[in-house]
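Remarks on the structure that follows.
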Amino acid sequence: MSSLADQYRRRGQLQGACLCGAVQISIDGDYVAAVGACHCSRCQRSAGVLWGAFVGSAPAVTVTGEVARYASTEFSERAFCPICGSNLWLRDSDNDAADYEFMPALFPEAAAFPLISEIYTDCRPAYVPLSGSHATKTRAEWEADNRHVEGDMP
Ligand SMILES: [Zn+2]
Ligand SMILES: [Zn+2]
């Protein structure tokens, strides 16, 4: 996690739920009270519009209800409610200790979280301009330092 996110680290409780309420997510422990946005092709296709997420530490997370998982890459999963289809999280699938990247809108309190980073800015569609002074990275800048999948989706 970047030092930028470190200043937003919190310890406490947050409660979230999907649209239909069948999936309940409790965070009791460490999380980052700030949101990052991604405009990579997979995030765009999955979210339908803007992909944004905040980090919850795995030991802090309890999930109840049935969850569907899609292996969107060889090393990551995207989870969603099989009843209402709400996106739940993106997470590394090859590491049990991996952070959860939660969809902020599941958690009412996250509405107050600031946007602190935006990646794949050169892939951003015209209809989601994001303003402010948050950190930004283009696709090439991000992929130079982070695990990724080459190319776009089929
Ligand atoms: Zn649901
Ligand atoms: Zn992405």
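Summary table below
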read-out: Residue check, residue 72 at pLDDT below 95, assigned to a strand (DSSP E or B) and either more than 12 Å from the chain's Cα centre (by Cα) or more than 16 Å from ligand 2 (Cβ to nearest atom) (or both); value: yes
read-out: Leading residue by the ranking (surrounded by the fewest Cβ atoms within 10 Å (Cβ to Cβ)) among those in region 45-59 that are assigned to a strand (DSSP E or B) and not aromatic (Phe, Trp, Tyr); value: 55
read-out: Selection within region 27-45 - modelled with pLDDT of 95 or more and of a type in the set (Ser, Thr, Tyr); value: 31
read-out: Candidates 33, 37, 60, filtered to the one that is in contact (Cβ under 8 Å) with a residue 60 or more places away in the chain, over 20 Å from residue 19 (Cβ atoms), of a type in the set (A, V, I, L, M) and in contact with an Asp or Glu (Cβ under 8 Å, 6 or more places away or on another chain); value: 37
read-out: Region 68-108: number of residues that are of a type outside the set (Gly, Ala, Ser), within 16 Å of residue 52 (Cβ to Cβ) and surrounded by 14 or more Cβ atoms within 10 Å (Cβ to Cβ); value: 15
read-out: Yes/no for residue 50 being touching a residue at least 12 places away in the same chain (Cβ under 8 Å) and either in contact with a His (Cβ under 7 Å, 6 or more places away or on another chain) or more than 16 Å from ligand 1 (Cβ to nearest atom) (or both); value: yes
read-out: Strands (runs of 3 or more DSSP E) enclosed by region 1-44 - at least 2 residues per element that are away from ligand 2 (no atom under 16 Å from the Cβ); value: 9-17, 24-32
read-out: Tabulated pairs, region 130-154, first surrounded by 10 or more Cβ atoms within 10 Å (Cβ to Cβ), second assigned to a loop (DSSP other than H, G, I, E, B), C-beta under 6 angstrom, 6+ apart or interchain; value: 139/120
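To keep it simple, each residue is scored yes or no on (1) among the aliphatic types (A, V, I, L, M); (2) over 28 Å from residue 152 (Cβ atoms).
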residue: 58; (1), (2): yes, yes
residue: 69; (1), (2): no, no
residue: 72; (1), (2): no, no
residue: 76; (1), (2): no, no
residue: 83; (1), (2): yes, yes
residue: 96; (1), (2): no, yes
residue: 99; (1), (2): no, no
residue: 103; (1), (2): yes, no
residue: 108; (1), (2): no, yes
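The values are calculated or read from the model by the stated rules, or taken from the named source; none is laboratory data. Quantities reported herein were computed from a predicted structural model and do not represent experimental measurements. As a convention, Cβ positions derive from the backbone with ideal geometry for all residues, glycine included, and neighbour counts pool all protein chains shown.
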